[in-house]
Every structure is written in structure tokens, then in C-alpha cells.
Amino acid sequence: MASFWAKEVPATLLVAALLIWVMPMLIGTYTLTVLVIYGMLGFSLGLIWGFGGILCFGQAAFFGLGAYTYAIAAINIGDSTLPMLLAVLVPAGFAALLGAMMFYGRLTDVYLGVITLVVTLILFKFINSTAGPGYVIGKARLGGFNGIPGFQTLNVPGRPDVYIFGDPFYYFCAVLLLIVYLLVSWLLKSSFGRVAIGIRENETRVALMGYDVRARKTVLFSIGAAIAGLAGALFANWGEIVTPNLFSLGQSAEIIIWCIVGGLGTRVGPIVGAAGLAYLKFLLGQQSMIDNTLLTGIILVLFVLFLPKGLVPAVVSLWRISFGQRRSIRKHGARRIRSGSMGNG
Amino acid sequence: MAEIVLETVGLTMRFGGVVAADNVNFRLKAGELRCLIGPNGAGKSTFFKCVTGLLSPTGGQVFMRGHETTGWHPHQVAALGVGIKTQVPNLMDGLDVHENIWMAARRFLPMQDAMRKTAEVIERLALGPIARTELGRLAHGERQRVELGLVVAGDPWLVLLDEPAAGMSADDVERMSAIIRDMTRTAAVVIVEHDMQFIRSIASTVTVFHQGAVLMEDHVDRVMADPTVRNVYLGKKA
Ligand SMILES: Nc1ncnc2c1ncn2[C@@H]1O[C@H](COP(=O)(O)OP(=O)(O)OP(=O)(O)O)[C@@H](O)[C@H]1O
Ligand SMILES: [Mg+2]
């Protein structure tokens, strides 16, 4: 814990500040904002899957739920502050209920995948079918496949007429991602996080030590949903409209691919994977030679075959081989250098 | 008379047509060291799993220090102060020895005490040189020792060990029996073992399982001399 505050936090702040400053010189802030938001979404699954061993096929459901909660609350409330908060709490609460059902029901991993997938499908179908005028929550019409446009976007707390958009919105999103990243890093260093990693490694053993695995998985699942919900609210602000496509299975699949490509079991990996692949998609969107989905598929296959641990772990090992070797040998004597990078990054 | 720390009454476990545990009545006193023996498939592991909550028995009851624990979850049983080593190794392979043991200690202790306890267990089980090595990279004997460390770190008053010495070298077995004898100073211990040498070196009372039921329960020497036991168990080995 001591080295976390003394070394990791300052280093993270420094690197993040640099990135937040430099990136707008390379990519327009409008595009950059959505890359940051996708980074946060990838991070949310990276946390529960990479560190908790919970493979959720429906992370997009929490993303969409966050976005819709924000839109509906913003229309009803006006000021964006409370809607932002609700967009975190509603998905977290929903995930806590769903998670409790799955984990207390002693479901195996396969059923967990199936249930999260089906829940996403149901939400998608339901929202899609709400086109009629009967589907209203307060002043907000759900609008079916057309989605909800025209809600209050992010404003300075208490001042609904002072909007945060454009460059300031980019900085807002980037700083939020940094805060979430630091909070999760701290969580993973805490006893709760370390036991969560233990559960990923061997659930039975952790239960035999006397830990209530079901409760802990439910809490972690809910934290992941809270982060996805926050990303959803930011996405709603960025796009100024929410549509049922947020809940689509395609979106869920993409989040999984981001994690695999970026590097599961690392914190940076899913963020890099998400932003990188989303940027690639953006670049490819400007031409029509290669099909987007096809390329994402090809990238996934190439990674699974040649870099199964993902991009970030590969870069880290490369770094260690080229620069770190001499130092680690001195440190650990003649022993083999640890290659696994689970938990680092 | 010493307190009964573990008791099963008519414990039964059926898998379809197979009766893996058949009306088992078992009692263990505080501080006792007991060995369970029996041929392969006799139901020793099934009996353990029913006691620890890894399986829900189809019949009968389990009591621990006055609590009825029938049908409890493993984490509830463990939280009572029961240390468990399963037959199939259950370790966190991607984490190092220190982290594995710390997690067991942390369950019952605040942070600082858990750190101290971890260091103490590592010292006591001579795991120092491998403390920062991932479990997945260790040899079989070392892994068994770490799993024993996980049990010790929780300061249990009841310890259930399913074949802790299986596949170990003579040196490792020697060290293992010293650790187990040490455990009995603070806990009642039940051990499933096949190694007769090992059993003789540590145990007084032996319970013999055969086809899910208790065949005999007596001092190790009388059990070994019993013709029926020799027939079902030792006879097979010879
Ligand atoms: N999950 C299960 N499903 C079906 N049958 C089982 C199951 N577990 C155990 N059995 C059966 O129950 C019987 C007892 O098995 P158990 O593993 O308890 O024996 P054991 O005494 O521990 O043997 P060993 O010395 O080989 O470890 C065996 O016939 C086994 O095939
Ligand atoms: Mg067995």
C-alpha cells in the first residue's frame, strides 16, 4: 500500500496529465472524447472479468442503462448533476440484483454468460418496443427505436444554463476516467480486491478459507456496472441522443474484444484496447474498402493466435526483456524472472 | 470427558444408485487426531465433502461444537474455524505463496496481524525461499505444504486433511507429520491417508471406511491386525 501512494499514484498522475495534454494535438477532441468513454466502458469489463473472473456478455446493458437513466432523469430534473449520479446508481443497483440472483443461485460460468446475454437482449427488445405514446417516465418519452433526443446535457452543478461541452467536456471525461482508474487501482490493492483476485484464481479455495464468495462477486459485479453506467451517461452527453443500439449484442461483443486485444488481467489493457479499436473503426469509417466488422474479427483472431495475452502484457514483457533483465537478476539472484504479468500493468 | 467437536448422525450421500456415504455415525473429541482409511472409492472424500459443505448430504446430520451445520455452505463451515485441505489441490496458482497464505490469515485477522501471521506461518513451514514464487511454478510437495500453510494460517480448531502426504517424497512426509503433530496441540485433526507408515507415525485411533460405511474404529495396531480390514484394504495392496 505504501508504494501505491508513494510511487504508483504520482506516476499515474504524471502519465495521465501528459496524455490528456498531448492527445488533443493528435486527434480531434470530439473523437477523443468518445475514445475516452469507450476506454471507461472497456475498463469496467476489464475489472470484473480480468480481476474477478466474471465473464459478462451483457456489459452493454449497464452502459445503455446508464445512458437511458441519464437521459430520462435529465429531462425530468433539468440540472445534470443528479442525473449523472443516478446513471451510476441505477445500473449498480440493477447489477446487484442480477448478480445476487446468479451468484447465490450457484450458477456455473456458462449460465452466467447465457443469462447476462439474455438480459441484454430483453432490454434491447423492450426499449425497441417503446415507440408508442404510452411509454413515458415523467416528462420523458422512451421513443422506441428512435431513442430519446433533446435532453439537458452536462452543466456546471446548480447552473443549468452553463453547459460543459466541446473541449471542457473532453477534459471532464478524461479526468473522470483517471479518477475511476485510481479508485479501482486502490480497490485492487485493498483486501477486498486481493480476495477478488483470489476468487478469480480459485473460487473453491477462497470459500474454504471462509470468505463469502457469492457476496463478494455480487459487489464486484455491481461496481463494474456502476463504471459502465457512468460511461453510458457520458456517452449520452457526447451523442446528445440515446438509442436502443447502446444495448445491442454487437456492443457487448465489442467490449469483450477490447479486453482480449488490450490484455485481460491488466488495468491499462482494456482501456487501450477499447480506445485503439474504436479509433481504428473511426478511421475505417471514412473509407469503404474494408468492412469494419470483418476487420475487428480479423484483429481478434490474430490476437488470439499470436498474442493471446493481449497487447499490454506483450509490450510489458518486451520491455522487461530489453530493459528490465539486468535489474531483476540482481534483485532475485539466479532465479527465473517472473514472466506472468497478471495484476501488473 | 472431552468436548465432541465433530459429530455426524446417520450421514448419507447418494449419487444416483451409488451410496457413497452410508449412514455414517462419527464422533471426534477436542484435541483428537484421527485417521480415516479405506480402499479407493470407499467414500472417505465424500464424507469429508459432506462435512465441509462442498456437498449437501442426502440424509443425516452434521454437528460441530454444538452447531448443526448440515447443508451449510463451505464458507460458513470454514468461518466457524474449520481448516480444510481437499484431495484435489485447491490453490491460487497465479498468486505467490505469500499472497495465498495472507488471504487465509486475513479472513480472521485485521491487516497488521494478518501480515504478522503470514510471516509466522511462512517461517514455521519453512516456505521462506519460495515465498514470492507463484504457486503454479512449485513442485508437488511444496504445493502440498503451502496448502497446509493455508489451513494453519486460519488458526482452526478442527482440521480436515484429505491425503496431505499423497505423492510426496520421504523427506516431505517426515516434515508433514511434524507439522500435523504440531497442529494437534490446538486443533482436532482428521486425516485421510493411504500411507500406512505415515499413519503409524502419527495416529492413535483409525476409522476404516468400506463401501460408504464405517467398517471398524479402533487403535491403529488392532485395526492393522484385523483380518477383515486386511482383507478389504491391506489385502488388496499386497
Ligand atoms: N460427484 C460424484 N458423482 C457420482 N459419483 C461420485 C461422485 N463423487 C464420488 N462418487 C462415487 O462415490 C464413491 C466414493 O468416492 P470417494 O471419492 O468418496 O472415495 P474415496 O474413499 O475418497 O476414494 P479415494 O481413496 O480414491 O480417494 C465412488 O464410488 C465414487 O465413484
Ligand atoms: Mg478420496
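Things to note:
- Exclusive hit being open to solvent by 80 Å² or more (accessible area, probe 1.4 Å), in contact with a Ser or Thr (Cβ under 8 Å, 6 or more places away or on another chain), not in a loop (DSSP other than H, G, I, E, B) and not basic (Lys, Arg), set A:169, A:124, A:165, A:145: A:145
- Matching residues, region B:23-48, being open to solvent by less than 10 Å² (accessible area, probe 1.4 Å) and in contact with a helix residue (DSSP H, G or I) (Cβ under 8 Å, 6 or more places away or on another chain): B:24, B:26, B:35, B:36, B:37, B:38
- Enumeration of residues in region B:102-124 that are open to solvent by less than 30 Å² (accessible area, probe 1.4 Å) and facing chain A (nearest Cβ under 10 Å): B:102, B:103, B:104, B:105, B:114
- Output for region B:64-95, where each listed residue is out of contact with any Leu (no Cβ under 9 Å at 6 or more places or on another chain), over 16 Å from residue B:46 (Cα atoms) and more than 7 Å from chain A (Cβ to nearest Cβ): B:66, B:68, B:76
- With respect to the conditions (1) at pLDDT below 80; (2) in contact with a Leu (Cβ under 6 Å, 6 or more places away or on another chain); (3) not β-branched (Val, Ile, Thr), residue A:278 lacks only one, and its number is (1).
- Residues (assigned to a strand (DSSP E or B) and within 16 Å of ligand 2 (Cβ to nearest atom)) located in region B:171-193: B:190, B:191, B:192
- Given (1) under 16 Å from the mean Cα position of the chain (by Cα); (2) within 16 Å of ligand 2 (Cβ to nearest atom), number of the condition residue B:28 does not satisfy: (2)
- Test: residue in region A:246-255 that is modelled with pLDDT of 95 or more and either in the same structural domain as residue A:151 (by TED's automatic domain parsing) or open to solvent by 10 Å² or more (accessible area, probe 1.4 Å) (or both): yes
- Taking (1) within 12 Å of chain A (Cβ to nearest Cβ); (2) open to solvent by less than 60 Å² (accessible area, probe 1.4 Å) in turn, residue B:127 satisfies each apart from (1).
- Selected residue [touching a Phe, Trp or Tyr at 6+ places or on another chain (Cβ under 9 Å), farther than 30 Å from residue A:250 by Cβ and within 14 Å of chain B (Cβ to nearest Cβ)] from A:205, A:194, A:200: A:194
The values are calculated or read from the model by the stated rules, or taken from the named source; none is laboratory data. If you're wondering where the values come from, they're calculated on a predicted model, not measured in any experiment. In this analysis, Cβ positions are derived from the backbone assuming ideal geometry, glycine residues included, and neighbour counts consider all displayed protein chains. Side chains included, ligands, DNA and RNA excluded: accessible areas come from the protein's heavy atoms. Shrake-Rupley method; radii C 1.70, N 1.55, O 1.52, S 1.80 Å.
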